[in-house]
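Each remark here refers to the structure printed beneath this line.
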Amino acid sequence: MQKHPMIEQLIDAQLDFLDQSFAQSETIQQEFQAFYLWFRKQALKDLWNPAQINQLLQKQILGTAASSFLIEQIAEHIRFALVHPANDTTKISDVIPVMTIDKIAQYVASKSSHRQRLIKRIVNNPAFSAMISQLIQHSIQDYLDNSMIAKSVPGVSRFMKMGKSVLENVTDSSLDNAISKYLQKNILKLGQLSENILNQHFDDEKLYHFQANLWHKIKDMPLSVLKNYIEVQDLSQTVDLGHEIWDHIRQTDYLQQQLHDGIHAWYVRNQEHTFDQLLRDLNIDESLIQTELNELLTPIIQQMIHQGYLRERARAYLEKFYYSESTLKILKVEE
């Protein structure tokens, strides 16, 4: 393309004008605010459809695996938070409001029907029955073998051992089997008894006071106590395990369907809303645009001008405009 002196002068003049204009922070603020004032009035349905949103999120959230660097950073940030020196001087009650704890305690305690159903499912589980049976069996055996009476009265210990031996000889079976058979026959009664006892100990009032007492025991503990329950040196391994679970779930048809249907339901509820309403749900309003976002964007645009990036990109479009056939005719310049 043959360069024309007058056109080149016009392009350079316009580029100088753009550089001078956008070098001023006031210009950036005015332009960004003007764009926001226009954008906030647009309705969601006029710009995007649910298929576009779904395609973006499916690709970026479910279709893209987390990088190893991101996983390392997650583990590092958790480790940093756990070993931070402020944890030694900050109490649990400093970061968790007591009124919220009280509301949680009241809420949990009030769910008596849910709690009773949960207890019923637990005690009727074969694993629970086996655990209770073994606990009772071991307790009886421990009592027979280590009775305080047997220890304190001379000769009784030997007598009890002899009695056990005689019982085994008479029944022609071990005492363990005898106790085990009894428990198996009465497992239903034991389950019902366990359920009744648990419901008595976890009624609304007792459960509320249990939670309240627990809070009073831990509220003055420093946050550094968390290190007793989280192995800091194992964080890279535990975060990796969490990532493995997510990496599998994100590829399942189930989660893809959940995301698709969730986006559709959200879109139906909000398609008539303007972006002003949608942004306010994210705590983004005009004051934020004028202050925080403007302060973030201004140095970016100024750096674009300083490095010549804005001038380079603008020149490409100005050249296309000025050297187009229609513009050359207006300027009466021969190609």
At 7 Å along Cα-to-Cβ for each site, give me the label-to-label distance between Thr89 and Ile61 in nm. 4.1
Residue list for the range 1-43, given a label point 7 angstrom along the Cα-to-Cβ vector of Ile305 and an amide N cut-off under 16 Å: 13-33
Charge dipole magnitude, Cβ of K and R +1, D and E -1 - the chain, Cα centre, debye nearest 20: 1960
Residue farthest toward the positive end of the dipole of the chain, with Cβ of Lys/Arg at +1 and Asp/Glu at -1: which of Pro50, Leu278, Phe202? Phe202
Glu272 and Ser113 label points (each 7 Å along its Cα→Cβ direction) are spaced in nm at 3.5
What does the charge add up to near His209, with Lys and Arg as +1, Asp and Glu as -1, over the other residues with Cβ less than 13 Å from its Cβ? -2
When the Kirkwood radius is taken over all Cα pairs of the chain, what Stokes-Einstein diffusion coefficient follows at 25 °C and 0.890 mPa s, in µm²/s? 82
Quick check for the range 193-332: number of Lys pairs with alpha-carbon distance under 23 Å, counting only pairs 8 or more apart or on different chains? 6
FRET efficiency, 1/(1 + (r/R0)^6) with R0 30 Å, evaluated for Ser224 and Asp102 via beta carbons: 0.75
What aspartates and glutamates does Lys111 reach when the alpha-carbon gap must be under 17 Å and sequence neighbours fewer than 8 apart in one chain are set aside? Asp102, Glu195, Asp203, Asp204, Glu205
In Å, the C-alpha Rg and Dmax of the range 193-297 are 23.9, 68
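Readers should treat all values here as calculations from the given coordinates under stated rules, not as data from a laboratory. Please read these numbers as outputs of a predicted model, since none were measured by experiment. Virtual Cβ from ideal backbone geometry, glycine too; neighbours counted across all protein chains shown.
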